[in-house]
Amino acid sequence: MRKTKLITAILSVTLLFSGAVALEETNQPQTVQAAAKKLGSVTVKGKKKVRLYKSTGKHSKYHASPKKKYSYTAKKHLKIGKKKLLAYKIGNDSHWILSKNVKVTKKISYKSASIKMPRGYTRSALLKAYQGKPSADFVKASMKGMNDNTFSRTKTAESKNDNDTIIDPTNLTTAQSSELTSYTLRLINEARSDLKLKPWMRSRGTQKLAQDIANEYTKNGRSIKDGHYVAGIVHACKANGLNLNDNYVEDMAGFYNPKQTMTMTEMKKNVYFGLKQMLFGYVGSGEGQRNNKKYYREWEHAGDLFNTQGSLHDGDHNYFGFSISKANNIYSMHYISVPTFIVKSSKYNISFRP
């Protein structure tokens, strides 16, 4: 049941939005509106204006401005001289810009985040990994899980409202805290459902415990970089009526970010990535290392999240709460759960009420 260290590092997610920008003729600015559906946007590279083309591949009299963003509605290869070059349509048929001159931002799509467990990731295989003996097939399945669950590394958001909502993760409103807790629990239970396990349950008492644990980290300047702050966890547990003398309730992930605020989408992507790391035993510092097998070596968190530890209480389910703390530009995400057997135990539960 003892939780172990896990440090995650996620760079801030920058979301780019499409916007209408004027095209420029050599001497006179022009505005061109596209009636077709926008597919994304392109931004002109460099510091100079670039030539636009007609659909025939001949020069247009218009230019695109440097560092400007243009919505595009189509793309194709234009025949320019003897070459075929990829271009984006940013106006009518007379306005195509070559891909070599732009950076592309695809249109943001909205879809609920979800986690799907890969074939080959079973509780029996997990137990062996939890005990330090992961099979080659289980490592392969874990790598597939990191690759197939993409929400943390795409521009997809759950909603436009999430993109527009700016939050302070260490000073959440009641509604924001509730949303993040529900979001996190939904992902955990999706994964548990795939392994035929009972869902974890959100509870007021565990949410209070989660926030008290986050407060202990904040008061003492601790973060995931320092490992689990056991003294603070024990203190918070006892204050909430749990007679525990070690860390039996916290799984933790984290990320570096010097900003005090971020969008709700950015926070949800951080939560998602941290959860993926714990589920799939991945200890890399970002998505870029996910195809390297040497970064798959820690499944103790997964044993906790799936109640699979080789104990009498395997298959149990927990009460859940979620909180966030910050120290030295490192955000720690506290995934707090109290097993049902502890809640029912007169030895461990003095006055805790889920």
| Pairs, please: C-beta under 7 Å, at least 6 apart or cross-chain, first residue more than 29 Å from S71 (Cα to Cα) and in the range 104-122, second open to solvent by less than 20 Å² (accessible area, probe 1.4 Å) and in a loop (DSSP other than H, G, I, E, B)? | I115/N149; K116/N149; M117/L195
| query | Given (1) touching a residue at least 12 places away in the same chain (Cβ under 8 Å); (2) over 30 Å from S135 (Cα atoms), where does S346 come up short, assuming only one miss? | reply | (1)
| query | Restricting the range 115-140 to residues that are part of a helix (DSSP H, G or I) and small (G, A, S), which is surrounded by the most Cβ atoms within 10 Å (Cβ to Cβ)? | reply | A129
| task | Return only the number of the condition from (1) charged (D, E, K, R); (2) closer than 21 Å to G227 by Cα; (3) open to solvent by less than 10 Å² (accessible area, probe 1.4 Å) that K269 does not satisfy. | result | (2)
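So, of the residues in the range 323-354 that are of a type in the set (F, W, Y) and within 12 Å of L242 (Cβ to Cβ), which turns out to be surrounded by the most Cβ atoms within 10 Å (Cβ to Cβ)? Give the derivation first.
Initial filter on the range 323-354 (of a type in the set (F, W, Y)): 331, 335, 341, 348, 352.
Those still in the list that are within 12 Å of L242 (Cβ to Cβ) too: 348, 352.
Numbers: Y348: 19, F352: 22.
Among them, the one singled out is F352.
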| Within the range 308-322, which residues are within 16 Å of L127 (Cβ to Cβ) and open to solvent by less than 10 Å² (accessible area, probe 1.4 Å)? | T308
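Condition check ((1) modelled with pLDDT under 95; (2) hydroxyl-bearing (S, T, Y); (3) within 21 Å of Y331 (Cα to Cα); (4) open to solvent by 40 Å² or more (accessible area, probe 1.4 Å)) across all residues:
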position	(1), (2), (3), (4)
T218	no, yes, yes, yes
K225	no, no, yes, yes
N245	no, no, no, yes
V249	no, no, yes, no
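Is it the case, given these coordinates, that K89 is farther than 30 Å from L279 by Cβ, of a type in the set (D, E, K, R) and touching a residue at least 24 places away in the same chain (Cβ under 8 Å)? Write out each step before concluding.
Numbers: farther than 30 Å from L279 by Cβ: yes; of a type in the set (D, E, K, R): yes; touching a residue at least 24 places away in the same chain (Cβ under 8 Å): yes.
Yes: the conditions hold for K89.
Given the criteria open to solvent by 10 Å² or more (accessible area, probe 1.4 Å) and within 30 Å of N147 (Cα to Cα), does R297 qualify?
On the way: open to solvent by 10 Å² or more (accessible area, probe 1.4 Å): yes; within 30 Å of N147 (Cα to Cα): yes.
Spelling it out, R297 is indeed open to solvent by 10 Å² or more (accessible area, probe 1.4 Å) and within 30 Å of N147 (Cα to Cα).
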| Residues satisfying the stated conditions in the range 150-205, i.e. touching a His at 6+ places or on another chain (Cβ under 9 Å) and open to solvent by less than 70 Å² (accessible area, probe 1.4 Å) | R192, L197, W200, M201
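Please indicate, with yes or no, whether at least one residue in the range 232-240 is closer than 23 Å to A157 by Cα, open to solvent by less than 40 Å² (accessible area, probe 1.4 Å) and touching a Ser or Thr at 6+ places or on another chain (Cβ under 9 Å).
Checked against the condition, which is being closer than 23 Å to A157 by Cα, open to solvent by less than 40 Å² (accessible area, probe 1.4 Å) and touching a Ser or Thr at 6+ places or on another chain (Cβ under 9 Å), the range 232-240 yields no hits at all.
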| note | Of the candidates T73, T31, the one satisfying the condition of being among the β-branched types (V, I, T), open to solvent by less than 90 Å² (accessible area, probe 1.4 Å) and at pLDDT below 90 is T73
| field | Breaking point among (1) charged (D, E, K, R); (2) under 19 Å from the mean Cα position of the chain (by Cα); (3) surrounded by 15 or more Cβ atoms within 10 Å (Cβ to Cβ), for D212 | value | (2)
| Candidates Y296, Y256, filtered to the one that is in contact (Cβ under 8 Å) with a residue 60 or more places away in the chain and closer than 30 Å to T340 by Cα | Y296
| Test: K208 is farther than 30 Å from K106 by Cα and outside any helix (DSSP H, G or I) | no
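The values are calculated or read from the model by the stated rules, or taken from the named source; none is laboratory data. All figures in this text were calculated on a predicted structure; none of them were measured in a lab. Counting neighbours? That spans all protein chains shown, and the Cβs are built from the backbone with ideal geometry, glycine included. Just so you know, the surface numbers come from the protein's heavy atoms only, side chains and all, with ligands and any DNA or RNA stripped out. Shrake-Rupley method; radii C 1.70, N 1.55, O 1.52, S 1.80 Å.
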